[in-house]
Amino acid sequence: GFVLHAIGLLLVWLGFGIRFWTIGIERAVTWQGLVGNGLLALATALMFASFAVLASWRLLPVIRHHHRFCETGVYCWVRHPIYVAFDLIGIGVAIAVPSPLVLSGAVALIVAFGLRARGEEKALIQAFGARYLAYMGRVAGRIPGVY
């Protein structure tokens, strides 16, 4: 999941950069620009809100003896708001600056974070058992009310 995540980010930003340096980016207000940039702003806010309440963040799913899983702030609505923020970054750039590279990068990000979430949840279930399973039962993984 981590390697796919890195590839996805690389493709998104490479696709954006190629478009920026060759064809250029539309400077007029368009629906694509508004929606894409709105999603990027939402992703940024979600990322900040996630890190503001998260005390035990790790790059890889490693549980230490003092680790606590977070149930406050944005973690009341989704279990993986940081992953959702990266999903929104990929989707936002793909809408604002559509290209095959950006679209494939956005798909790679969404798949990668799905894989990473599964690995993380296995570690959290092993560490916290029924308490984490109960949390999973009441809080959506990535999309409130859907998944």
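The values are calculated or read from the model by the stated rules, or taken from the named source; none is laboratory data. Note that this is a predicted model, so its numbers are computed, not measured. Here Cβ is always computed from backbone atoms with ideal geometry, including for glycine, and neighbour counts include all displayed protein chains. Only protein heavy atoms, including side chains, enter the accessible area calculation; ligands, DNA and RNA are left aside. Shrake-Rupley method; radii C 1.70, N 1.55, O 1.52, S 1.80 Å.
Once the Cα atoms of region 85-147 are picked out, what are the Rg and Dmax in Å?
So, for region 85-147, Rg and Dmax equal 14.7, 44 Å respectively.
Each residue of region 114-125 in order: what ³J(HN,Hα) in whole Hz does its phi give by Karplus 6.51 cos²θ - 1.76 cosθ + 1.60, θ = phi - 60°, with x for Gly and Pro?
Taking θ as phi minus 60°, the curve returns x, 5, 5, 4, 4, x, 5, 5, 4, 5, 5, 5 Hz for region 114-125.
Specify the residue with the greatest mean-square fluctuation among Val107, Val78, Val29, computed from a Gaussian network of the chain linking alpha-carbon atoms under 10 Å apart.
Evaluated over the chain, the most mobile residue of the options is Val29.
With springs connecting C-alpha atoms under 10 Å apart, model the chain as a Gaussian network and identify which of Arg116, Arg27, Arg19 has the largest mean-square fluctuation.
Arg27
Are there GluC sites (Glu not before Pro) in region 71-147 that DSSP marks as loop and that have at most 15 other Cβ atoms within 10 Å, and which are they?
On the way: sites: Glu71, Glu120, Glu121; in loops: Glu71.
The qualifying sites are Glu71.
Taking 22 Å as R0, compute the FRET efficiency from the Cβ-Cβ separation of Trp77 and Phe48 and round it to 0.05.
Details: r = 15 Å, r/R0 = 0.69.
The formula returns an efficiency of 0.90 here.
For helix 2-21, report the angle its Cα long axis makes with the longest principal axis of the Cα atoms of the chain; keep it between 0 and 90° and round to the nearest 10°.
Once rounded, the angle reads 20 degrees.
Provide Cys76, Cys70 ordered by accessible surface of protein heavy atoms (probe 1.4 Å), highest first. Could you put the intermediate results ahead of the total?
Numbers: Cys76 70, Cys70 20 Å².
Highest to lowest solvent-accessible surface, that is Cys76, Cys70.
On a 0 to 90 degree scale, rounded to 10, what angle separates helix 31-53 from the longest Cα axis of the chain?
Here the helix axis deviates by roughly 30 degrees.
Only Lys, Arg, Asp and Glu count, each charged at its Cβ (+1, +1, -1, -1), so figure out the dipole size of the chain about its Cα centre, rounded to 20 debye. Walk me through the numbers before you get to the answer.
Working: 12 positive and 5 negative charges, 77 e Å.
The calculated dipole for the chain is roughly 360 debye.
Compute the Rg to Rh ratio over the chain from the alpha carbon atoms, using the Kirkwood formula for Rh, and round to two decimal places.
Working: Rg = 16.7 Å, Rh = 16.2 Å.
Dividing the radius of gyration by the Kirkwood radius yields 1.03.
Mind checking which of Phe69, Phe86, Phe20 has the largest fluctuation in a GNM of the chain, springs on alpha carbons under 10 Å?
Comparing Phe69, Phe86, Phe20 in the GNM, the peak value goes to Phe20.
Can you list residues from other chains, or at least 5 along the same chain, whose modelled amide H is less than 5 Å from the amide H of Ala140?
Under 5 Å from the amide H of Ala140 lie the amide H atoms of Arg79, Gly145, each far enough along the sequence or on another chain.
From largest accessible area down, sort Phe48, Phe2; use a 1.4 Å probe on the protein chains. Can you show the working numbers first?
On the way: Phe48 150, Phe2 90 Å².
Final ranking, largest accessible area leading: Phe48, Phe2.
Report the one residue of Ala41, Val93, Gly137 whose Cα lies farthest in the direction of the positive end of the charge dipole of the chain (charges on C-beta: Lys and Arg +1, Asp and Glu -1; origin at the Cα centre).
Positive-most Cα among the choices belongs to Gly137.
Using a 1.4 Å probe on the protein heavy atoms only, what accessible surface does Thr30 show? Give it in Å² to the nearest 10.
Rounded to the nearest 10, the figure is 50 Å².
Can you tell me how much longer the chain between Val111 and Gln126 gets when fully stretched, taken as 0.36 nm per residue apart minus their C-alpha distance, in nm with one decimal? Before the final figure, lay out each step's value.
On the way: separation 15, 0.36 × 15 = 5.40 nm, distance 2.31 nm.
This chain segment gains 3.1 nm when fully extended.
From the helices alone, meaning DSSP H stretches of at least four residues, give me the mean residue ellipticity at 222 nm for the chain, per-run term -39500 (n - 2.57), in deg cm²/dmol to the nearest 500.
For the chain, the value works out to -22500 deg cm²/dmol.
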